[in-house]
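Presented below is the structure to which this report refers.
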């Protein structure tokens, strides 16, 4: 082998240069940080979303930047060696800070590197922050997510960020959500998404890790008053009000009785079921395991599954979203939306047949939102102009307001372009417009011993007032003290009932202080 060939074979690696060394140092430091933070995350007992930002976004970005610097240094070193003779290539690069040119280039490089790392960290965080915002979730893919985002803004959880339910705290679910988002981006880019967007979300984070961070299913709530306002389809839009007590109950013996609707919350009970449709509306098999370990299986006698089908089926443990399946994206029915508008005073109840005609207008098939808005206005105006011309002249503003409100309802809960409305996304709360509770509580789910999942109305609620049947309503009288207070009847309660103190009679009773109240205050006949 010639001396030239030996020299060539002994030439140092192209990675032996200042730039590649700096890049390697940056990458090594970032890699060590990622490993350490990952170990901290998997061993920590508390969720920390900011730890995930560092672990999966900021430091990996720095690591990639370091690798890019390493490759850039190799390319520049290769160009330099082409211009230099083989004997001028040193085993390692020399850094001579006494050379003004070299010193200036070195400090410029350090400054640029520092600024880039800071910009990368800030940019990564801002990207993370935007990707977690409601605007990103609801408006980036506006035509696709318009139904969900619009209903979300009109719902009870409008102040809860999208990520609070769909991602929650911690880096693990953040990363999973971004992988899911990557597929969603592909679906939108290539028009592969379904219309309507299918629900429920089968890979949604479990409710105990999201809903129950604010809500408390173990807490005993007892019975809660619920008022329902309905308006008829007759000429007078006849109002009907129902008041009922919902037996919410609770799920932990530490806070109250384990009873009521929240018995299903599985604090000690476990409810598993099999559904045979994508939306979990058809439930032919239910298994209940109580706190004592007793297990009962119920079969729908009209859709009974074989033992082989049950064993092969996916079984779901019941949680919050099996009943509250539309917690933030409720698509109201025309009937329910108009009831709310009447009750809020946004519709004039004196307009004849307004409920009926508005429901008809909202229920028609439309191709686009623009078409619906135009036909709703035309339909209501034509009806009152032709059938109640005199009233139309007097109450033109009320008709105009009715048109505006009906159009608002359509824009909020009906989306023809995405084929989305209350029928495509049934709400399982109650059983007025969809099966809801009756998916299981239909009287058809029977165990092998003959035990039935009951469908008695009083299990979940008690009607205490119905304006349509006042005779059947529970009479609630004004409060009467159990003892006749006589001259003291006009006193306030706190006169006698002192908190954290034994009762003291307002008068000095002397020797008769040990008497019972009724001896001086007999009940009225």
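General remarks:
- Listed by position, the helices (runs of 4 or more DSSP H) inside the range 297-402 whose residues that are outside the structural domain of residue 232 (by TED's automatic domain parsing) number at least 2 are 334-343, 354-363, 369-387, 389-394.
- Any chance residue 430 is part of a loop (DSSP other than H, G, I, E, B), out of contact with any strand residue (DSSP E or B) (no Cβ under 7 Å at 6 or more places or on another chain), without any contact (Cβ under 8 Å) to a residue 40 or more places away in the chain and loosely packed, with under 12 Cβ neighbours inside 10 Å: no
- Unmet criterion (only one of (1) in a helix (DSSP H, G or I); (2) under 27 Å from residue 276 (Cα atoms); (3) under 13 Å from the mean Cα position of the chain (by Cα); (4) at pLDDT 80 or above) for residue 165: (4)
- Whichever residue in the range 433-449 is more than 20 Å from the chain's Cα centre (by Cα) and not in a loop (DSSP other than H, G, I, E, B) and, among such residues, is farthest from residue 336 (Cα to Cα): 446
- Qualifying residue in the range 264-285 (condition: out of contact with any strand residue (DSSP E or B) (no Cβ under 8 Å at 6 or more places or on another chain), without any contact (Cβ under 8 Å) to a residue 60 or more places away in the chain, over 30 Å from residue 415 (Cα atoms) and assigned to a loop (DSSP other than H, G, I, E, B)): yes
- Here residue 233 clears all of (1) in contact with a strand residue (DSSP E or B) (Cβ under 9 Å, 6 or more places away or on another chain); (2) touching a residue at least 60 places away in the same chain (Cβ under 8 Å); (3) not in a strand (DSSP E or B) except the condition numbered (1).
- Candidates 340, 335, 348, 382, filtered to the one that is farther than 30 Å from residue 441 by Cβ and either under 30 Å from the mean Cα position of the chain (by Cα) or without any contact (Cβ under 8 Å) to a residue 40 or more places away in the chain (or both): 382
- Some residue of the range 145-159 being at pLDDT below 80, touching a helix residue (DSSP H, G or I) at 6+ places or on another chain (Cβ under 9 Å) and either on the phi > 0 side of the Ramachandran plot or surrounded by 13 or more Cβ atoms within 10 Å (Cβ to Cβ) (or both): no
The values are calculated or read from the model by the stated rules, or taken from the named source; none is laboratory data. Just so you know, these numbers come straight off a predicted model, no measurement behind them. Ideal geometry is used to build each Cβ from the backbone, glycine not excepted, and the neighbour counts take in all protein chains shown.
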